[in-house]
């Protein structure tokens, strides 16, 4: 069953966040995930949106997500994303 990683990101330090961006695609390419959307200006339908971008990634199943998210390579760069941005992230299970 597919899972979807949704990250709402508010960039607070461009240089730290750029260190994350410099490596994330290289690491991500080793896993069975697919970027579905990376949007700096989504259309707000309800409520407020106080972020710099939204990212939606699909994985074939939770195991593949766990392999990526918990990998040594991703954990090495995650610190740059967390230092450079305030992030609200969730994992959604598909049907």
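Taken together, the values in this text are just the output of simple stated rules run on the coordinates, not laboratory data. Remember, predicted model here, so these are calculated numbers, not experimental data. Glycine also receives a Cβ, built like all others from the backbone with ideal geometry; neighbour counts cover every protein chain displayed.
Taking each residue of segment 72-95 that is without any contact (Cβ under 8 Å) to a residue 60 or more places away in the chain and looking for partners that are surrounded by 12 or more Cβ atoms within 10 Å (Cβ to Cβ) with beta-carbon atoms closer than 7 Å, six or more apart or interchain, yields 73/27; 74/27; 74/68; 77/20; 77/23; 77/24; 77/27.
The set of residues from segment 38-75 being under 16 Å from residue 10 (Cα atoms) and touching a strand residue (DSSP E or B) at 6+ places or on another chain (Cβ under 7 Å) comprises 38, 39, 40, 42, 50, 51, 52, 53, 54, 55, 56. Residue count for segment 27-49 satisfying the condition of being over 14 Å from the mean Cα position of the chain (by Cα) and either over 21 Å from residue 78 (Cβ atoms) or without any contact (Cβ under 8 Å) to a residue 12 or more places away in the chain (or both): 9.
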